[in-house]
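Before any comments, here is the structure.
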Amino acid sequence: MNIKKKIEQITPEMLKWRHSIHSKPEIAYQEKDTSDFISKKLHEFGIEVHQGIGKTGVVGIIKGKNSNSERAIGIRADMDALPMTEKTNLPYTSKNEGAMHACGHDGHSTMLLGAAKYLAETRNFCGTVYCIFQPAEEGGNAGAKAMINDGLFKKFKIDTVWGIHNWPGIPLGQAVIHEGFAMAGGDIIVFTIEGKGGHAAQPQYSNDPMVAAGFTITALQSLISRQLDPFKNAVLSLTKIEGGSAFNVIPDSVTIGGTLRSTNEQTRNDMLKKIKKVASNACEISNCKVNIEIRPGYPSTINDEKSAKLASEIFRNTFGDSFINLEETPTMGSEDFSYMLKEKPGAYIWLGAGEDAEKLHSAHYDFNDALLPIGAEYWANLAETILVE
């Protein structure tokens, strides 16, 4: 029996698994029930299981026919939910108030579970497949980094790592596989502007941080258009401003927050230097000072070129030429699988969820179940192709 038919037989079970995970979403590092559910299934499949890596992460180990082979791959699925309220009214809607699988991590985990069941039953490969179920991808919580720091690549001798994310807006089942840069790095920046407060009717006795904040916002927005090389890419968005307590009081301080998205470390570092200089000068005009806090985010997601070409070849051989999408440009969104790609070669692909699919992080989003057999079949083919005798 070929892979496709075997995965088709598993698909009804996968639907139940996905809906069960969806109904009990858990946010970063709280994925205890999800971790236990995944571990129980892996045990049922006869797979060796390691829990508690990166707090709530799980690794399942599947050995192939030739146990003497030292070759090994890691396939990663994220499993955390978002801190938001679901509005889908589905039969399997979230039972956990304030948590929702609005990014499809329930589907990612289920696709890997389906592939794990198939691989454990057939073991038609030589070497080892490590199934990595990762916590805390959302919100800058860096579950990938936590698993690495907890010894993921030291405890398990993994040669290459591979990941998938469902992608609304792309035709169903099409794969986007970038040969190099795929997703931006992202940093949070917080500006605390200190001035001297006073009466709104007597501004001459104050150093107005509100005016300084206005100068700062305007000046910073010119950085991308006037000081960044047009052939380089970055996005600076100021999204939050807080200050003041009354209409007739000039406050002592104002806080501005936002993000910087960048495509590589050099651009990131250059932009951060310029941001600090521009903000300081803008505040000095109003006799104010600014403290700038940089909260480092995920690095850029950069696929290993050789691995990306291999992923494209495997996907093309599995589903046909028409399922490779060459039209999509990289995104300025961020992804913590980037930490794994800094440690090991591999590739991160986008799997089209449908052109009219609800966008990620929407309260009305639901993972497209039609992707479950597609993702599971791709993972199975990837393992059998890379770990061929």
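The values are calculated or read from the model by the stated rules, or taken from the named source; none is laboratory data. A quick note: this is a predicted structure, and the numbers were derived from the prediction, not measured. Virtual Cβ from ideal backbone geometry, glycine too; neighbours counted across all protein chains shown. Areas reflect the complete protein model, heavy atoms only, side chains present, ligands, DNA and RNA absent. Shrake-Rupley method; radii C 1.70, N 1.55, O 1.52, S 1.80 Å.
Just a few scattered comments:
- Dipole check for the chain: with +1 at the C-beta of Lys and Arg, -1 at the C-beta of Asp and Glu, and the Cα centre as origin, the magnitude is about 700 Debye.
- For segment 1-110, the square roots of the Cα gyration tensor eigenvalues, ordered a ≥ b ≥ c, give a/c of at least 1.5 with a/b no greater than b/c, which places it in the oblate category.
- Bins of 10 Å from zero: percent of alpha-carbon pairs in the chain: 5, 21, 28, 21, 13, 7, 3, 1, 0
- Estimated dipole of segment 231-389 in Debye, rounded to 20 [Cβ of Lys and Arg +1, of Asp and Glu -1, Cα centre]: 1160 debye
- Cα shape, segment 106-178, gyration tensor, a/c 1.5 rule: oblate
- Apportionment of accessible area to carbon and sulfur, the chain, percent (1.4 Å): 49 percent
- Per-selection Kirkwood Rh - segment 162-281 (Cα, Å, 1 d.p.): 17.0 Å
- Residue-normalised accessible area of the chain, expressed per residue, 1.4 Å probe, Å²: 45 Å²
- The long axis of helix 305-319 is offset from the longest Cα principal axis of the chain by roughly 50 degrees.
- Most positive-pole-ward Cα, 56, 69, 101, against dipole of segment 1-138 from beta carbon charges: 69
- In the context of the full protein assembly, residue 313 retains an accessible surface of approximately 100 Å², using a probe radius of 1.4 Å and ignoring ligands and nucleic acids.
- Any cysteine of the chain lacking a neighbouring Cys Cβ under 4.7 Å - listed by number: 103, 126, 131
- Loop-resident sites, segment 64-104, for GluC sites (Glu not before Pro), counting at most 12 other Cβ within 10 Å (DSSP): 70, 97
- Calculated [θ] (222 nm, deg cm²/dmol) that DSSP helices of n ≥ 4 give over the chain, each run adding -39,500 (n - 2.57): -11500 deg cm²/dmol
- Three-way shape call for segment 256-364 based on the alpha-carbon gyration tensor, with the a/c threshold at 1.5: prolate
- Of the residues 233, 213, 202, the one whose Cα sits farthest toward the positive end of the charge dipole of segment 195-293, with +1 on the Cβ of Lys and Arg and -1 on the Cβ of Asp and Glu, is 233.
- Sequence of 167, 379 from largest to smallest accessible area, 1.4 Å probe: 167, 379
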